[in-house]
Amino acid sequence: MLDEVQGKRRERSGREARREARAGGQAGPGRPYIVRNIPTYDILSEENLLRIEATADRILAEIGIEFRDDDIALDHWRKAGAKVDGVLVKFEPGMLREVLKTAPAEFTQHARNPANSVRIGGRNVVFSPAYGSPFVMDIERGRRYGTLEDFENFIKLAQASPFLHHSGGTICEPVDVPVNKRHLDMVYAHIRYSDRPFMGSVTAESRAEESIDMARLVFGRDFVDQNCVILGNVNVNSPLVWDGTMTNALRAYARANQAAVIVPFILGGAMGPVTNAGAIAQSLVETMAGCALTQLERPGAPVIFGNFLSSMSLRSGSPTFGTPEPAIGSMVIGQLARRLNLPLRCSGNFTTSKLPDGQAMNEGTMSMLAAVHCGANFILHSAGFLDGLLSMSYEKFVMDADFCGALHTYLDGVKVDDNQLAFDAFAEVGPGSHFFGCAHTMANYETAFWDSSLADNEAFEKWEDAGGEDAMDRANRLWKKQLAEFEAPPLDVAVDDALKDFIARRKAANDDAWY
């Protein structure tokens with residue numbers, strides 16, 4: 001009996017070792033980002049793209065956008081030639097496109113481990129975890145408020161996956177830390193437990209600046225002034241309002257030559273029209289304005305054209321995610337972003353399901369394939385998104401990361417060379433036989449197919465005898481294993497000490513605030 005158990009362990013260990021070798025190692029990164037080898041899916045004709053752009057120009061010129069609580073932003077627009085009436089700003093057709101010509105089409109976000117730096121824009125694709133959930137959940141403890149320990153755990157899980165390229169930002173809200181100080185702990189956790197690129201705070205201009213200051217301690221002030229090392233994800237207050245909290249933050253990132261990710265969050269029927277073309281036009285208006293403001297703050301600063309189209313249940317008013325209308329709308333957003341020659345953040349692994357179940361994977365696959373085919377370069381919300389983004393799920397995180405692995409192979413496309421065409425295999429096998437043991441199969445079997453770390457492909461009887469686990473059960477075991485085996489990447493002691501000193505001084509300078 002003992003020999004049988006040990007044999008099964010050796011068999012499992014061998015399979016896992018081979019899988020890790022093919023993936024680049026479960027314990028660390030594979031490739032730092034994907035270079036897509038399949039074309040984008042462009043669904044709209046030139047005529048229809050022009051109609052959307054013309055509608056966007058009309059909204060900008062005739063309705064305008066409000067910029068609230070940011071006099072510097074209003075002054076930027078006046079100097080650029082926009083019509084400013086109080087906080088309402090109107091733009092002549094073509095003005096924003098002209099301003100955006102200084103924004104780079106591609107840029108590198110540097111990681112503290114140079115091997116993990118990512119290229120954003122062009123044919124490049126970067127997967128990043130979900131962002132912003134106040135709750136976390138797993139199948140044993142259920143749904144609960146996130147803590148700093150949970151936040152650190154998700155950073156570790158992202159670092160452990162060879163199929164995620166970015167450490168992300170506010171993976172979950174650590175509500176056990178005061179609101180005015182938690183950004184310090186979050187940025188430190190990204191630096192301490194990951195050596196991949198990361199995001200900073202945007203909830204106040206001072207917090208954005210302190211996030212950048214911490215990045216300067218890691219990379220050096222001069223390097224940061226000339227290179228992107230941190231992102232800030234800012235949201236429009238749709239419809240057609242930019243508030244000062246967000247514009248002050250985006251200007252702080254641009255001023256430091258760091259990349260702001262400009263994202264409208266449009267729930268069709270609430271913050272935008274129920275019709276897809278109208279929501280797309282609105283999104284173009286709001287995003288162009290935010291991107292252009294970064295260029296007025298510092299011409300040439302990197303910026304990402306972001307988008308978050310969503311729908312809602314018109315019976316209940318509840319938001320819905322992973323639905324077909326926003327997914328197909330993402331294709332058009334991709335076309336519009338490429339016409340502006342800007343890097344794109346679009347779509348993600350969205351769902352309103354309350355568990356990592358069939359609904360979650362159905363909706364998530366719909367929206368992730370939209371992200372892949374629309375040409376998104378930076379795909380936030382690639383892993384963990386559950387409960388309409390209210391919850392970050394441990395099980396869904398590793399399930400989604402596994403799916404990201406499949407998308408690596410999908411985006412590689414189909415290679416055609418003598419080995420792939422396999423004529424020698426046909427010559428060896430001939431008619432009516434099989435390829436399982438032929439020389440070509442033996443030479444290619446370790447790399448021929450993507451191998452999931454979670455899927456069960458055994459016969460029914462073997463699966464049943466092993467306990468009949470479903471994907472959630474297997475995911476539960478996997479995330480626990482990854483956390484138990486996690487080893488933080490090395491961090492220079494002097495840098496670590498400088499970060500801790502910076503955090504201690506900043507925390508001591510202010511009383512705790514919980515709002």
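Once you have a ≥ b ≥ c as the square roots of the Cα gyration tensor eigenvalues for the stretch 68-166, tell me rounded if a/c is under 1.5, and otherwise prolate or oblate according to whether a/b is larger than b/c. Provide the component values of the computation, followed by the final result.
Values: a/c = 3.45, a/b = 1.71, b/c = 2.02.
Oblate shape, in that a/c is at least 1.5 and b/c is the bigger or equal ratio.
In Å², and per residue, what accessible area does the stretch 413-515 have when probed at 1.4 Å with the other protein chains present?
Numbers: 7680 Å² over 103 residues.
That works out to 75 Å² per residue.
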### Task
Report, ordered by chain and residue number, the aspartates and glutamates lying within cross-link reach of residue 83, taken as a straight Cα distance under 19 Å and ignoring same-chain residues fewer than 8 apart.
57, 62, 66, 69, 70, 71, 75, 92, 98, 243, 286, 297
### Query
If you average the sequence gap of Cα pairs under 8 Å that are 6 or more apart and divide by the length of the chain, what percent do you get for the contact order?
18
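Between residue 270 and residue 422, what's the calculated FRET efficiency when r is the beta-carbon distance and R0 is 35 Å? Round to 0.05. Walk me through the intermediate numbers first.
Numbers: r = 54 Å, r/R0 = 1.53.
Plugging the Cβ-Cβ distance into 1/(1 + (r/R0)^6) gives 0.05.
Taking K and R as +1 and D and E as -1, what net charge do the other residues with C-beta under 15 Å from the C-beta of residue 512 add up to? If you can, show how the numbers build up before the last one.
Details: positive: 181, 182, 207, 506, 507; negative: 176, 185, 511.
Overall, the nearby charge balance is +2.
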## Note on the structure
The extension gain from residue 461 to residue 42, computed as 0.36 nm times the residue separation minus the Cα-Cα distance, is 146.3 nm
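With the Cα gyration tensor of the stretch 357-481 giving a ≥ b ≥ c as the square roots of its eigenvalues, does the rule (a/c under 1.5 for rounded; else a/b larger than b/c for prolate; else oblate) give rounded, prolate or oblate? Numbers along the way, then the final one.
Values: a/c = 3.08, a/b = 1.53, b/c = 2.01.
Cα axes put the stretch 357-481 in the oblate bin.
Quick one: if the Förster radius is 45 Å, what FRET efficiency do residue 442 and residue 123 give, using the C-beta to C-beta distance and rounding to 0.05? All intermediate terms of the calculation are to be shown ahead of the outcome.
Numbers: r = 33 Å, r/R0 = 0.74.
The calculated FRET efficiency here is 0.85.
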### Task
Taking the chain as the reference, fit the longest principal axis to its C-alpha atoms, fit the long axis of helix 358-374 to the helix C-alpha atoms, and give the angle between the two in degrees, 0 to 90, nearest 10.
60
### Message
Through the Karplus equation 6.51 cos²θ - 1.76 cosθ + 1.60, θ set to phi - 60°, convert the phi angles of the stretch 413-430 into ³J(HN,Hα) values in whole Hz; use x for Gly and Pro.
### Response
x, 10, 7, 10, 8, 4, 5, 5, 6, 6, 4, 4, 5, 4, 5, 6, 7, x
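Please give the length that would be gained between residue 243 and residue 491 if that part of the chain were fully extended, namely 0.36 nm times their separation in residues minus their C-alpha to C-alpha distance (nm, one decimal). The partial results should precede the final answer.
Numbers: separation 248, 0.36 × 248 = 89.28 nm, distance 3.73 nm.
Contour length minus Cα-Cα distance gives 85.5 nm.
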### Query
Taking Cα atoms, how many degrees apart are the long axis of helix 324-340 and the longest axis of the chain, rounded to 10 and kept between 0 and 90?
60
### Task
Would you mind classifying the stretch 281-363 by shape? Square roots of the alpha carbon gyration tensor eigenvalues, ordered a ≥ b ≥ c; an a/c under 1.5 is rounded, otherwise it is prolate if a/b is larger than b/c and oblate if not.
prolate
### Query
Taking amide H positions as placed 1.01 Å from N in the peptide plane, with prolines and chain starts having none, which residues 5 or more places from residue 139, or on another chain, fall under 5 Å of its amide H?
395
### Query
Which ³J(HN,Hα) values in Hz, rounded to whole numbers, follow from the phi angles of the stretch 160-170 under the Karplus curve 6.51 cos²θ - 1.76 cosθ + 1.60, where θ = phi - 60° and Gly and Pro get x?
6, 8, x, 10, 10, 10, 9, 7, x, x, 7
### Task
Mind checking the stretch 81-166 for trypsin sites (Lys or Arg not before Pro) that DSSP puts in a loop (not H, G, I, E or B) and that have at most 12 other Cβ atoms within 10 Å?
141
### Query
Counting only the backbone N, which residues of the stretch 348-369 are under 18 Å from the spot 7 Å out from the Cα of residue 470 toward its beta-carbon?
351-365
### Query
Can you give the accessible area per residue of the stretch 245-352, in Å², using a 1.4 Å probe?
25
### Message
Just to be sure I understand the model, the point goes 7 Å from the Cα along the line to the Cβ. What's the resulting residue 78 to residue 318 distance in nm?
### Response
4.9
### Query
Near residue 272, within a Cβ-to-Cβ distance under 15 Å, what is the net charge of the other residues, with Lys and Arg +1 and Asp and Glu -1?
-2
### Query
Can you give the calculated 222 nm mean residue ellipticity of the chain, where each DSSP H run of n ≥ 4 adds -39,500 (n - 2.57) and the sum is split over every residue, rounded to the nearest 500 deg cm²/dmol?
-14500 deg cm²/dmol
### Degrees, to the nearest 10: 394-412 long Cα axis against longest axis of the chain
90
## Note on the structure
Spelling it out for residue 231: with amide H atoms placed in the peptide plane at 1.01 Å from N, the residues 5 or more places away or on another chain with amide H under 5 Å from its amide H are 198, 199, 200
### Query
Per the 1.4 Å probe, what fraction of the accessible area of the chain, in percent, lies on carbon and sulfur atoms?
53
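The values are calculated or read from the model by the stated rules, or taken from the named source; none is laboratory data. Since the structure is predicted, the reported quantities are computational estimates derived from the model, not experimental observations. Counting neighbours? That spans all protein chains shown, and the Cβs are built from the backbone with ideal geometry, glycine included. Note: accessible area is taken over every heavy atom of the protein model, side chains too, but ligands, DNA and RNA are not part of it. Shrake-Rupley method; radii C 1.70, N 1.55, O 1.52, S 1.80 Å.
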